[in-house]
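Visitor: Okay, here's the structure, questions in a sec.
Just so it is clear, none of the values below were taken in a lab; they were calculated from the coordinates. This structure is a prediction, so every number in the text was calculated from the model and none was measured. Note: ideal-geometry Cβ built from the backbone for every residue, glycine included; neighbour counts use all protein chains shown.
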Amino acid sequence: MMDMDTFQQKWAEQDRKLDVSIRLNRQLLMASNMTYVQSPLRRFAFFQMLEALAGVAVAMMTGQFIYAHWHEPRFVLPAVALHIWVIANVAASVRQAVMAVQIDYAKPIAVIQKQLESLRVLRISVIRWDLLTGQIVWWVPFMIVAFKSFWGVDAYRVFGETFLTVNMLFGLALIPLAIWLSRKFGERMGRSVIVKGLVTAIAGYNLNAAIRSLGTVSEFASEN
């Protein structure tokens, strides 16, 4: 018959094995849950790189246009503005993709949450500045370059220089106005359900999915 000391030793050994098993299972479950964070972030990075590649293709086209019309400033200047805007967007897309793939899932959840929040803030900031600076290039420069590139049409002759100049100045005037409105009413608008929904939409489905999944993992870790 087993004495009490031997029984206690075996009981303690079984208790240690059970503890190790529970910890291992918990780690495996955490790792499994973390895949729900990694997968949408991989998709996010993939689509950002696709955007970057599309931007590179557009930048090559605008670069060829600039080279072909180098001695015609009225075509070169809008093309240069469009070219710079596209390159800036390529750089922003690459930066977002790099931030997404560089997240270390072995770090504490709080650190990962901070990295995801930084990525979300960056994306919203990029889109905001896209909308602001896009007022300069989306209308007049793009039209001038597109008309000349694809149809060989001089937009200055079709619409008139006065019309194009007025529209360009209007686009420029919208930038400081939009910044002023954002600073003036930004805090009040930030409390709006509609604005919060818009910000969430701007962040993108994949990034939002990763943030939600990480929140679930964080709750699981807190409960355990």
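Visitor: W151 versus I87, label points 7 Å from Cα toward the beta carbon: distance in nm?
Guide: Rounded to a tenth, the inter-label distance reads 2.9 nm.
Visitor: Continuing with this model, one more query. Pop the C-beta distance of K107 and L174 into the FRET formula with R0 = 30 Å and round what comes out to the nearest 0.05. All intermediate terms of the calculation are to be shown ahead of the outcome.
Guide: Values: r = 42 Å, r/R0 = 1.40.
E(calc), rounded to 0.05, equals 0.10.
Visitor: Here's something else I'd like to know. Please list 3J(HN,Hα) in residue order for the range 86-99, calculated via the Karplus relation 6.51 cos²θ - 1.76 cosθ + 1.60 where θ = phi - 60°; whole Hz, with x for glycine and proline.
Guide: 5, 4, 4, 5, 4, 4, 5, 5, 5, 4, 5, 5, 5, 4
Visitor: Now, a different point. In the range 36-122, if the dipole is taken from +1 on Lys/Arg beta carbons and -1 on Asp/Glu beta carbons about the Cα centre, which of L50, F75, V121 is farthest to the positive end?
Guide: Checked the options; the winner is V121.
Visitor: Now, a different point. How far apart, in nm, are two points set 7 Å out from the Cα along the Cα-to-Cβ line at L132 and at L53?
Guide: The two pseudo-label positions are separated by 3.2 nm.
Visitor: If you don't mind, another one. Enumerate the calculated ³J(HN,Hα) couplings along the range 70-82 in order (Karplus 6.51 cos²θ - 1.76 cosθ + 1.60, θ = phi - 60°), each rounded to whole Hz, writing x wherever the residue is Gly or Pro.
Guide: Per-residue couplings from phi come out as 4, 8, 10, x, 5, 9, 5, 4, x, 5, 5, 4, 5 Hz.
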